[in-house]
Amino acid sequence: MTMDGHQSLALPSFGVQRNLREKITQTLRAAVISGELRAGEVHSAPSLAAQFGVSATPVREAMLDLVKEGLIDTVRNKGFRVTEPSEKDLDDLSELRALIEVPTVRRLAETGVDPAVIAELRPLALGIERAAAEHDLIAHVATDMQFHLRLLEQAGNPHLVETVRALRARSRIYGLRSLAERDELIPSSAEHAELLDLIEARDADGAEALMNRHIRHVRGIWAR
């Protein structure tokens with residue numbers, strides 16, 4: 001139990017290291033997206049800092065970053081409350097992602113991706129599968145975002161990447177915990193390696209279809 005009276009989260013202990021604020025921001029963002037930090041709950045920076053094993057300052061700074069992204073709100077004299085987007089908001093975000101990511105992945109399959117980048121992405125794909133098998137939802141979401149943004153970077157349009165980053169950050173995937181507990185998250189996690197195979201084979205139709213199906217999971221089976 002934390003100082004806020006909430007159940008302790010499966011947050012990693014960071015200790016002292018470089019880019020601490022960024023790592024905490026990425027972890028808290030993934031915790032919100034995955035539903036591990038639940039909508040409506042209020043969390044204080046000191047309480048979360050105790051779980052991370054760091055001082056409250058980088059956690060407070062990270063949470064202010066998430067306020068700017070619209071993931072949490074400040075609660076005077078209490079801390080930060082996780083925001084709750086409407087079902088329509090989540091549908092709209094998913095639709096926008098599909099409009100951007102699906103044709104971009106198709107184009108990448110058509111034009112080809114540097115083999116060195118494919119090799120760089122494969123450990124991330126395995127990491128997503130491993131996190132699903134271990135029921136580590138925060139690592140699953142964080143690694144998933146890293147994988148997809150790195151892939152989209154190959155399109156050469158930084159504005160596109162930042163737009164997708166913002167859309168993904170504002171999304172919620174509330175059904176992940178139940179899926180993981182039933183080991184139903186593993187098959188969809190394997191789609192990342194399959195996507196790399198399709199891109200490597202220059203199979204544009206296959207990559208497009210898989211990416212479309214992958215995004216639809218967010219508002220389909222993953223949302224139940």
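The values are calculated or read from the model by the stated rules, or taken from the named source; none is laboratory data. Worth saying up front: this structure is predicted, and the values here are computed from it rather than measured. Heads up, the Cβs are rebuilt from the backbone with ideal geometry, glycines too, and the neighbour counts pull from every protein chain shown. Accessible surface is based on the protein model in full, side chains and every heavy atom, while ligands, DNA and RNA are left aside. Shrake-Rupley method; radii C 1.70, N 1.55, O 1.52, S 1.80 Å.
To put it simply, the accessible area of the range 126-224 at a 1.4 Å probe is 48 percent carbon and sulfur.
Distance between the 7 Å Cα→Cβ label points at residue 78 and residue 56: 1.7 nm.
The value of relative contact order for the chain, using C-alpha pairs under 8 Å at least six residues apart, is 25 percent. Taking every protein chain into account, the accessible area of the range 66-166 amounts to 51 square angstrom per residue (probe 1.4 Å). Peptides 129-136, 21-28 ordered by packing proxy, namely the average of other Cβ atoms within 10 Å per residue, highest first: 21-28, 129-136. Think of the range 145-224 as a dipole: +1 on every Lys or Arg Cβ, -1 on every Asp or Glu Cβ, centred on the Cα centre; then among 210, 160, 189, 160 lies furthest on the positive end. Excluding residues fewer than 8 places away in the same chain, name every one of the lysines whose C-alpha is closer than 22 Å to that of residue 78. Excluding near neighbours in sequence, the set is 68. Take the Cα of residue 86, go 7 Å toward its beta carbon, and the backbone nitrogen atoms of the range 27-43 under 18 Å from that spot belong to 40. Take the Cβ atoms of residue 38 and residue 159, set R0 to 35 Å, and the FRET efficiency comes out at 0.60. Add -39500 (n - 2.57) for each DSSP H run of 4 or more in the chain, then divide by its residues: what number comes out at 222 nm, to the nearest 500 deg cm²/dmol? Computed ellipticity for the chain at 222 nm equals -20500 deg cm²/dmol. In terms of overall dimensions, the C-alpha atoms belonging to the range 31-109 reach 46, 27, 20 Å along their principal axes, ordered largest to smallest. With Cα atoms defining each centre, the range 109-179 and the range 32-88 are spaced 22 Å apart in the structure. Computed from label points 7 Å out along Cα-Cβ, the spacing between residue 135 and residue 201 is 3.5 nm.
The C-alpha atoms of the chain define a longest principal axis, and helix 115-133 lies at about 50 degrees to it.
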